[in-house]
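Below is one structure, written out as structure tokens; the observations come after it.
Derivation of every value follows stated rules applied to the coordinates shown; laboratory data play no part. Quick caveat, the model's predicted, so the values are computed rather than measured. FYI the Cβ positions are ideal-geometry reconstructions off the backbone, even for glycines, and counts take in every protein chain you see.
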Amino acid sequence: MIREQPRDRQGRRVFRPEPAPVRVSTTRILLAGTLLWAVALVLTVGTGGDTPESAVVARTCVMGVVIGLAGLAWARTRRADPSR
């Protein structure tokens, strides 16, 4: 069901102001995601699958950890200089 935009008396659409951004801890979010990728990597390697599919899954987990660590480094520089 599609909701229509509210309209004023002349029939023009009335736009609501944008909500304020939610403040979140970027470091905690990135750390949680990185730890989840690390746990997935340990579980993947721990099951001992020697199939090509398990190697792809393990590489995907490694890349998740690497990207998460890069994100943590980025968040650290943003925290040191928030004007960037």
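Summary of computed values
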{"item": "222 nm mean residue ellipticity, helices alone, for the chain (DSSP H n ≥ 4; -39,500 (n - 2.57); rounded to 500)", "result": "-21000 deg cm²/dmol"}
{"item": "For the chain, the Rg and Dmax computed from alpha carbons only, in angstrom", "result": "22.0, 69"}
{"item": "Relative contact order %, the chain, counting alpha carbon pairs below 8 Å whose residues are six or more apart", "result": "29 percent"}
{"item": "Folded to 0 to 90 degrees: helix 52-80 orientation relative to the chain principal axis, Cα", "result": "60 degrees"}
{"item": "Order by protection proxy (mean Cβ within 10 Å, highest first), peptides 3-9, 51-57", "result": "51-57, 3-9"}
